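The values are calculated or read from the model by the stated rules, or taken from the named source; none is laboratory data. Computed from a predicted structure; not experimentally measured. Cβ placement follows ideal geometry from the backbone for every residue including glycine, while neighbour counts extend to all protein chains displayed. Keep in mind that these areas ignore ligands, DNA and RNA; they rest on the heavy atoms of the full protein, side chains included. Shrake-Rupley method; radii C 1.70, N 1.55, O 1.52, S 1.80 Å.
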Number of protein chains: 2
Amino acid sequence: LKDEDETLILEMLEELHAADVADILETLSSQQRRKLIELGSKGFDPEVLSEVEGEAQDDLYEHMPNDLIADAVTELDTDDAVYVIEELGDEDREEVLRALASDDRVAIEESLSYPEDSAGRLMQRDLVSVPEFWTVGQTIDYLRSENSNIPEDFYDIFVVDPGHRVVGTVPLSRVMSSKRAQTIISIMNDDPHIVDASAEQEEVAYQFTKYHLISTAVVDSAKRLVGVITVDDVVDVIEESAEADILALAGVREESGLNESFIEIVKGRFTWLFINLGTAILASVVIGLFEATIEQMVALAVLMPIVASMGGNAGTQTMTVAVRAIATKELNASNAVRILNRELMAALLNGGILALLSGLVAMIWFKSVLLGSVFAAALIVNMFFAGLSGLLIPMTLHKLDIDPAIASSVFVTTITDVIGFFAFLGLAAIFLF
Amino acid sequence: LKDEDETLILEMLEELHAADVADILETLSSQQRRKLIELGSKGFDPEVLSEVEGEAQDDLYEHMPNDLIADAVTELDTDDAVYVIEELGDEDREEVLRALASDDRVAIEESLSYPEDSAGRLMQRDLVSVPEFWTVGQTIDYLRSENSNIPEDFYDIFVVDPGHRVVGTVPLSRVMSSKRAQTIISIMNDDPHIVDASAEQEEVAYQFTKYHLISTAVVDSAKRLVGVITVDDVVDVIEESAEADILALAGVREESGLNESFIEIVKGRFTWLFINLGTAILASVVIGLFEATIEQMVALAVLMPIVASMGGNAGTQTMTVAVRAIATKELNASNAVRILNRELMAALLNGGILALLSGLVAMIWFKSVLLGSVFAAALIVNMFFAGLSGLLIPMTLHKLDIDPAIASSVFVTTITDVIGFFAFLGLAAIFLF
C-alpha cells in the first residue's frame, strides 16, 4: 500500500466493506495507519469504527476528529454506537456525547447504564413492535410507512400489550406468508424467548446457541420491551468467550491478542509467569527434601521430570475437558460423580499402560528392576491424582464463582508436579536404599 | 426422574423444547436413557434427533425403531436430516434412506455427495428464490401461496436469472417495507455473498462472522443456486471449531467430550500421552548427558525443573496466541516479522525480570552467586527460544498444511525442555567446576 494517489485510495476505501477496511487498518504499521486515518477518515464507512480492534482501534479513535466520530456514531445502530463510546477515552467520550442529538445521547446513556458485558450493552434499541389487536395488513402498512424508528434489518416482530410488555413474537417470514386479514395474535409464538437487560452476555449466547435463535426481545426490570439482540452480535460473544477460555487456559490475559500494544502483552503474560515461578519453586522445594537420596543415585534426577511431565499432561487433558464442559453446561452436579468415576478409570488405564512401557524403558536404561518399578508406581499414582485434580479443581472453582479457565491450570500443574516428585523420590527413598 | 407415570412423562416431553429433551437424554445414565427412549421415542419432537450428542445420540439412534427415525427425518430440514443420516450406522442408514419419499431421499443423497465438513453438508435445500422481473407484490403473493417448497423460517430472498444463478439477495425486512409495485431488482443487493457448496465449513463461518451475515446462498460448481446456509448452523460450526482448538491444544482428540464413550476417551488421550512420553524421555537423555555434573552438585537437579517449566509456560503462551491468530486470520506473512520482533522483545523483557528474581532466590537458597547467575542466564536463553518457537512452529505447521492447534504443543514443549536442561546444565558444567 503506497500513499501516492490520495483520490485512488479514497475511492478504493469507499468500495470496500467496513470489515475489510478495518482489516487493512489492523495490518498496517502504526505510521502507515496514521497516514491513512488522516487521509481517509472522512470517507470511512461509520461501521469501520465498530469493526476495528486493538492498537488500530486506539489509533483510529485518537487521530480521528471527535466531530467525525460523533457523525459516525449517529449513523450506527445503538449496539455498535455503545461499543464505540465505551472504548473512547474519558475526555473524547464526553465531547462525542455532547455532539450527539439528544435522543441518540439518551439512548446510548441508557444502554451504558446497564453493567458491562450485560445484555443491555449488546442490544439494539430500534425494533418493530406492534399491538396485539393488529392484523398482518396493518403491520405491513406500518412497515411501509418510512417511520424512522424502523431499523433497516430485523427478523422478528414483537407483539406487546398496552404496558409495552412482550406477549409474543412473529418471525418475519410468517408475517410474509400470511394473508392481510389475519390477526397478529393468531400467528404469533406466545411463549417467546425473552432476555433480561441485566443478564450476562454469555448466558444470552448460551440461549441463542441452544434454541437456534435469530433475535430475542430484551426487557427491563419491569418486563417492558427495551431492545432486541440479534444473532450477529451473539456470534461475536461466542467467539470472544471461546477465545478468552483458550487464552486463559494458556495463562494469557483475556484482552491480549495480536493487536495489543507491547506493554499490554508483557503485562498480560507476566502475572502468569510470575505465579508459575512460585509453583515451580514449590516443586523444587519438594525435590530439595530428597537431595540426599538424589546424591546416592543421580538416575533419579534424570527420570523425575518424566513423572511430573506425564502427570501435568494428563491433568491438563482432563482439566481442559472439564473447563469446556462447565462452560457449555454439560457438566453439573447431577452427572459429576459418574464423570469422575469415568475420568479416574481412564487415568488409571492410561497410567497403567504408560507406566508399564516407561518402567521397562527405565529398567533397561539404568539396568535396575527396582528403579523401573518405583518409576512405574510413581507414574500411576501421579496420573491418578492428575485425573482427580483435573476434574475437581475446575468444579470447585466454578462453585466458588471463580472462572475455572483462568485459575485451574496453576493448581493442576502444581499438584501434578508436587505429587510427581514426591511420589517418585519418596518411593525411591523407601525402596531403593 | 422416576419412570412410574408414563403418560405424565410423555406429556412433559411434548411440552419441552427439543434442545431440552436432548439435554435430559444426555444427563441420564444409559439405563434410564434406554427406558425413556422405549417409552417416549414415538412422542419425540423430530428435532431431538438432530440436537442430541455423544453417547446419548448413539443410544437413541440404536434403540429407536428405523421407521420412526425415517418419519422424523422427513419432518426435519435438509441440513438436520443430513446430519442425522451421517451419524447413523451403515445398515440403519440404508434402511432409513429406503423408507424415505424419493424426493427427500434424492435431496439428502445430493447433500451427502459433498465432502464432509463442506458447505454442501451444512446447507438447507428449501429456500425462496424469485426471478429478477418480479415485483414485491408478486413475491408476497407467492409466499402466501402455501407452496410446500417454502421453508418455515427464512431471512433472505434470492433473486435468480433464468439459469438459476444468483444475481442478488433481498433481506425480508426490505421486502416488507417496500411498496407492492416496486420491482425486486430495484431493492436487491446486487453484490451478494455466495458460498460454494464445496467450501469448507470453517471458511463459511469466517465469512458469516466477518460480514455479520444471517443467511447466504450456496451454489454448485456451475454457479447454480442449490441451497442456503443460515446463521444458526454456523453458530454450531464456530463453537465446534473453537472447542476443537481448545481440546487439541491440550492434547485431547477432537471428538472427545463429556458424552464420549469410555473407550473413546481413553484412546483419544492415549496418543498424546504416548507422544509426550517420547519427548519427556528425550529431555531426560539430555539430563543424562550431565549425570557427572549433577553428581558434583545436587542443587542443579533441584533447580533444573524451574528452567524447563518457565520456558514451557512462556512458549505455550506465545504458541496459543499464535494458533488463535492463525485461526482467525489475524496472523499472516505480511505482519509476521513485526509480530516476531514484538514476541521476542516481550520474551526477553519478561525473561529478564523473572531471571533476576529467580536468580536471586537461587543465590540465597544455595548461597552461591555463580549458581544464581548460571540459573538466571539459562532462564533468559530458554525464554528467548520459547518465544521464538512459540511463534515459528505454529506458522511453519500452518504453511505445511498441518493443523497448528494439534501439533504445536509437542514441538514447543520439547524444545523448551531440551533447551532448558541443556542451557542450565551446560552452563553449569562450564562455569561452576
Apart from one, (1) hydroxyl-bearing (Ser, Thr, Tyr); (2) facing chain B (nearest Cβ under 7 Å); (3) within 21 Å of B:Leu303 (Cβ to Cβ) all hold for A:Thr320; the odd one out is (3)
Selection within the stretch B:381-405 - within 15 Å of B:Thr318 (Cα to Cα) and open to solvent by 40 Å² or more (accessible area, probe 1.4 Å): B:Phe384, B:Phe385, B:Leu388, B:Leu392, B:Met395, B:Thr396
B:Ser334 - would you say it is of a type outside the set (Phe, Trp, Tyr) and closer than 30 Å to B:Leu432 by Cα? no
Of all residues in the stretch B:269-286 being more than 7 Å from every other protein chain (Cβ to nearest Cβ) and farther than 30 Å from A:Arg342 by Cβ, the one that is least open to solvent (accessible area, probe 1.4 Å): B:Val286
Are any residues in the stretch B:162-187 outside any helix (DSSP H, G or I) and open to solvent by 60 Å² or more (accessible area, probe 1.4 Å), and if so, which ones? B:Pro162, B:His164, B:Arg165, B:Lys179, B:Arg180, B:Ala181, B:Gln182
Starting from residues that are touching a helix residue (DSSP H, G or I) at 6+ places or on another chain (Cβ under 6 Å) and open to solvent by 30 Å² or more (accessible area, probe 1.4 Å), keep the ones in the stretch B:129-141 and report whichever is nearest to B:Val219 (Cα to Cα). B:Glu132
Taking A:Gly89 as meeting all but one of (1) at pLDDT below 85; (2) farther than 22 Å from A:Tyr114 by Cα, write down the number of the exception. (2)
One residue from B:Ala283, B:Ala347 being small (Gly, Ala, Ser), over 30 Å from A:Gly359 (Cα atoms) and touching a Ser or Thr at 6+ places or on another chain (Cβ under 9 Å): B:Ala347
The residue that is most open to solvent (accessible area, probe 1.4 Å), considering only those in the stretch A:142-161 that are more than 19 Å from A:Thr216 (Cβ to Cβ) and either within 7 Å of another protein chain (Cβ to nearest Cβ) or not in a loop (DSSP other than H, G, I, E, B) (or both), is A:Tyr142
Out of the residues in the stretch B:16-33 that are open to solvent by 50 Å² or more (accessible area, probe 1.4 Å) and more than 9 Å from chain A (Cβ to nearest Cβ), which is farthest from A:Arg338 (Cα to Cα)? B:Leu16
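Condition (residue is part of a helix (DSSP H, G or I) and open to solvent by less than 10 Å² (accessible area, probe 1.4 Å)) applied to the stretch A:100-117: is it met by at least one residue?
At the first step, the residues of the stretch A:100-117 found to be part of a helix (DSSP H, G or I) are A:102-112.
Filter again for open to solvent by less than 10 Å² (accessible area, probe 1.4 Å), leaving A:108, A:111.
Looking through the stretch A:100-117, at least one residue is part of a helix (DSSP H, G or I) and open to solvent by less than 10 Å² (accessible area, probe 1.4 Å).
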Going through the stretch B:364-377 in order, the residues found to be out of contact with any Ser or Thr (no Cβ under 8 Å at 6 or more places or on another chain) and part of a helix (DSSP H, G or I) are B:Ile364, B:Trp365, B:Phe366, B:Val369, B:Leu370, B:Leu371, B:Gly372, B:Ser373, B:Val374, B:Ala377
Counting just the residues of the stretch A:189-205 that are in a helix (DSSP H, G or I) and within 14 Å of chain B (Cβ to nearest Cβ), which one comes out nearest to A:Asp403 (Cα to Cα)? A:Glu202
Specify the residue that is nearest to the chain's Cα centre (by Cα); the eligible residues are those in the stretch A:170-188 that are of a type outside the set (A, V, I, L, M) and away from chain B (no Cβ under 12 Å). A:Ser186
Out of curiosity, is B:Glu38 open to solvent by 70 Å² or more (accessible area, probe 1.4 Å), farther than 25 Å from A:Thr328 by Cβ, modelled with pLDDT under 85 and part of a helix (DSSP H, G or I)? yes
When the stretch A:77-99 is examined, which residues are found to be under 17 Å from A:Leu25 (Cβ atoms) and not in a helix (DSSP H, G or I)? A:Leu88
Would you call B:Tyr61 among the aromatic types (Phe, Trp, Tyr) and open to solvent by 20 Å² or more (accessible area, probe 1.4 Å)? no
Sort through A:Gly312, A:Gly359, A:Gly352 and tell me the only one that's more than 8 Å from chain B (Cβ to nearest Cβ) and within 22 Å of A:Thr414 (Cβ to Cβ). A:Gly312
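Residue-by-condition table, conditions (1) in a helix (DSSP H, G or I); (2) buried (at least 24 other Cβ atoms within 10 Å of the Cβ); (3) not hydrophobic (A, V, I, L, M, F, W, C):
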residue: B:Leu300; (1), (2), (3): yes, yes, no
residue: B:Ala314; (1), (2), (3): yes, yes, no
residue: B:Thr318; (1), (2), (3): yes, yes, yes
residue: B:Gly352; (1), (2), (3): yes, no, yes
residue: B:Leu379; (1), (2), (3): yes, yes, no
Just one of the numbered conditions (1) within 25 Å of B:Ala119 (Cα to Cα); (2) open to solvent by less than 70 Å² (accessible area, probe 1.4 Å); (3) at pLDDT 85 or above is not true of B:Gly54; which one? (3)
Result of the Cβ filter at 9 Å on the stretch A:206-217, keeping first residues that are within 9 Å of chain B (Cβ to nearest Cβ) and more than 16 Å from A:Ala242 (Cα to Cα) and partners that are of a type in the set (Gly, Ala, Ser) and open to solvent by 20 Å² or more (accessible area, probe 1.4 Å), at least 6 apart or interchain, is none
List the number of the failed condition for B:Ser284; all other conditions in (1) in contact (Cβ under 8 Å) with a residue 12 or more places away in the chain; (2) closer than 26 Å to A:Gly278 by Cα; (3) more than 33 Å from the chain's Cα centre (by Cα) hold. (1)
Could you check, for the stretch B:46-55, whether at least one of its residues is touching a residue at least 60 places away in the same chain (Cβ under 8 Å) and in a helix (DSSP H, G or I)? yes
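Within the stretch B:287-298, restricting attention to residues that are part of a helix (DSSP H, G or I) and facing another protein chain (nearest Cβ under 7 Å), which residue is nearest to the chain's Cα centre (by Cα)?
By that ranking, first place goes to B:Ile287.
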Within the stretch B:394-423, work out how many residues are part of a helix (DSSP H, G or I), among the aliphatic types (A, V, I, L, M) and over 25 Å from B:Ile353 (Cβ atoms). 6
Can you tell me which of (1) charged (D, E, K, R); (2) under 29 Å from A:Ile265 (Cβ atoms); (3) within 13 Å of chain B (Cβ to nearest Cβ) is the one A:Asp45 doesn't meet? (2)
Please indicate, with yes or no, whether at least one residue in the stretch A:245-266 is touching a His at 6+ places or on another chain (Cβ under 7 Å), within 12 Å of chain B (Cβ to nearest Cβ) and assigned to a loop (DSSP other than H, G, I, E, B). no
